[in-house]
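The values are calculated or read from the model by the stated rules, or taken from the named source; none is laboratory data. These figures come from a predicted structure and were not determined experimentally. Backbone-built Cβ (ideal geometry, glycine too); neighbour counts: all protein chains shown. Just so you know, the surface numbers come from the protein's heavy atoms only, side chains and all, with ligands and any DNA or RNA stripped out. Shrake-Rupley method; radii C 1.70, N 1.55, O 1.52, S 1.80 Å.
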Amino acid sequence: MEKRVSIKHQRMAAPEWVFHWRRLKGSTLHKASILLAVGGVFAFFLTSVNIRLAPPTPWAARKASVLFVTDDAEGRALKLRAREGGPFPSRFDPSEWEHSVALERVALQAARWTPPPYVPVLRDLPDRGFDMPLPLAPRGVPVLPVRSLPAVDAPISVKLKLVPVLDLLSGMPAEAMPRELPLFDGAVDATMTAEPWRVLVRLDSAGNVRECVSLVGGDGGGSSALEDWLRRVSFIPEPAQPSRWIAVSVGFTNQPADGPDAR
């Protein structure tokens, strides 16, 4: 069994390049002198360094003031104060002095000098070489350029007439609606087109209309003509359903009078 070596013996036998973490024994005066030296250096830097914090420069507001003054003694005094206290220095302009004209007149009278009259020198106009004089417009008539209008074909007048059309409301898919409608022989007047027509239609298995019940509209004239027209409409047959009810709406649209159908 090996002999146990104490930690104290290991520290004493450690080489010189190993740092001794244990505090070295020294006098209290030596430690106090070191503490005072470090504290003095810290106090010197603390009192000598001065950090100034400048406040941020406020932005100037984008606004201005306008002062309206009248042309009197008080107004002229305010104008003079504004010129003298403004950012741009003012200078004396003799032409703006109110007594400059009178002073100039007195100086001319004292010198007995009169300015010579102004006589303009006439000059001949250059010859532009016009072969013939330009025609003048009649008095009071505006001179406008001649505008050539493009040739437009006259519209072809087509005679139109109102014919009924069908819209599916419920009872069958939209693909099952008839693609062709029979011609409407009756006349469509303002009473028939004044309100919408909603009709409940009973179909048989072959798609023929067996019964028509008006839900909305149909109280005025023309209801019998529309019912006769609906009974001639052929829907897609459904052999599995001997009787079925659908809801349709009857509207009106303009179609050529000589058109093939009223779809």
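Here are the numbers for the structure shown:
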read-out	value
Matching residues in region 62-73 - criterion: being assigned to a loop (DSSP other than H, G, I, E, B) and open to solvent by 70 Å² or more (accessible area, probe 1.4 Å)	62, 63, 64, 65, 66, 67, 68, 70, 71
Filtered residue count, region 162-212, keeping only those that are among the small types (Gly, Ala, Ser) and in contact (Cβ under 8 Å) with a residue 40 or more places away in the chain	4
So residue 27, is it open to solvent by less than 100 Å² (accessible area, probe 1.4 Å), within 30 Å of residue 12 (Cβ to Cβ), modelled with pLDDT under 80 and not aliphatic (A, V, I, L, M)	yes
Flag if residue 192 is surrounded by 13 or more Cβ atoms within 10 Å (Cβ to Cβ) and farther than 16 Å from residue 251 by Cα	no
Selection count where residues are touching a residue at least 60 places away in the same chain (Cβ under 8 Å), under 23 Å from residue 184 (Cβ atoms) and either among the charged types (D, E, K, R) or open to solvent by 70 Å² or more (accessible area, probe 1.4 Å) (or both), scope region 231-256	2
Any hit, region 202-217, residues being of a type in the set (D, E, K, R) and open to solvent by less than 50 Å² (accessible area, probe 1.4 Å)	yes
Residues within region 167-189 that are farther than 19 Å from residue 256 by Cβ and either assigned to a strand (DSSP E or B) or open to solvent by less than 100 Å² (accessible area, probe 1.4 Å) (or both), tallied	12
